[in-house]
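See below for the structure under consideration.
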Amino acid sequence: MRYKAIFKDKSHYSLFGEEYFTDKRVFWASHQSNLIGFSSNVCKKGRPIKILDSVNQNEILFSSDKEFDDWYTKNQSRDFDFGFSDLTNESEIINETKIRMNQILNFLKDELSKLEKSSLDPWRIDGGYKELEKKLIVAQNSIEVIESRNSEFSKSDTFKQIKKGFKIPQDIKIDSYNIVAFSKQAHEKLDQSKLIELCKSNINQIIEQKKQQKYNTM
């Protein structure tokens with residue numbers, strides 16, 4: 001890997017260089033999976049303070065979050081999400097989780113529509129639902145960090161409902177696979193009818209969870 005991101009706690013995370021992840025489809029999928037892990041690290045530790053470039057043999061220092069974000073969009077991905085673990089106000093946190101849950105719900109509805117209207121193209125799902133996986137991991141990590149910083153949030157009924165909502169896609173399973181794990185299977189194992197069932201079950205339970213959350217905030 002070309003880059004090594006160094007965090008404030010002196011831990012590090014390796015990132016691919018463009019010469020690798022633009023080469024082949026399988027490499028691109030590996031790059032996307034690696035970025036999910038990186039986003040999880042940033043969510044927990046904050047943005048890196050510097051990048052070590054093994055190709056140019058130089059060190060890139062960042063004096064602000066924006067400087068890192070600019071580097072990241074140029075060298076890794078224009079689509080990034082490092083979570084909301086920096087939020088401290090309860091109403092802002094709740095509002096952010098509602099936005100993110102709606103994004104997950106819209107993703108599932110869009111996927112269900114595609115699956116119901118046309119034959120399954122396994123290459124479209126090759127490597128799994130990366131967008132959904134990232135949204136779930138980053139949201140769950142953000143919640144964990146917020147709770148570790150303020151244990152009072154854990155006592156809130158609304159917060160408990162929020163946590164349950166983000167666990168739904170993890171808990172609903174067919175053949176021991178949740179929707180993210182199922183979508184990562186080999187092409188010949190991607191069963192369109194089961195993907196449809198997983199989407200429908202997730203959509204229905206998330207909608208019900210949103211109703212429960214609304215009830216608890218009244």
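The values are calculated or read from the model by the stated rules, or taken from the named source; none is laboratory data. Not measured: the values here are computed from a predicted model. Don't worry about glycine lacking a Cβ; one is built from the backbone with ideal geometry, like all the others, and counts go over all protein chains shown. Ligands, DNA and RNA are excluded from the accessible area calculation, which covers all protein heavy atoms including side chains. Shrake-Rupley method; radii C 1.70, N 1.55, O 1.52, S 1.80 Å.
Summary table
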item	result
Candidate set from the stretch 85-100 (those that are in contact (Cβ under 8 Å) with a residue 60 or more places away in the chain and either in a loop (DSSP other than H, G, I, E, B) or among the β-branched types (Val, Ile, Thr) (or both)); member that is surrounded by the most Cβ atoms within 10 Å (Cβ to Cβ)	Thr97
Subset of the stretch 57-84 (residues that are in a helix (DSSP H, G or I) and hydroxyl-bearing (Ser, Thr, Tyr))	Tyr72, Thr73
Subset of the stretch 37-56 [in a helix (DSSP H, G or I) and open to solvent by less than 10 Å² (accessible area, probe 1.4 Å)]	Phe38, Ser39, Val42, Cys43
Only listed residue being free of Cβ contacts under 8 Å to residues at least 60 places away in the same chain and within 21 Å of Lys184 (Cα to Cα), chosen from Phe82, Phe107	Phe107
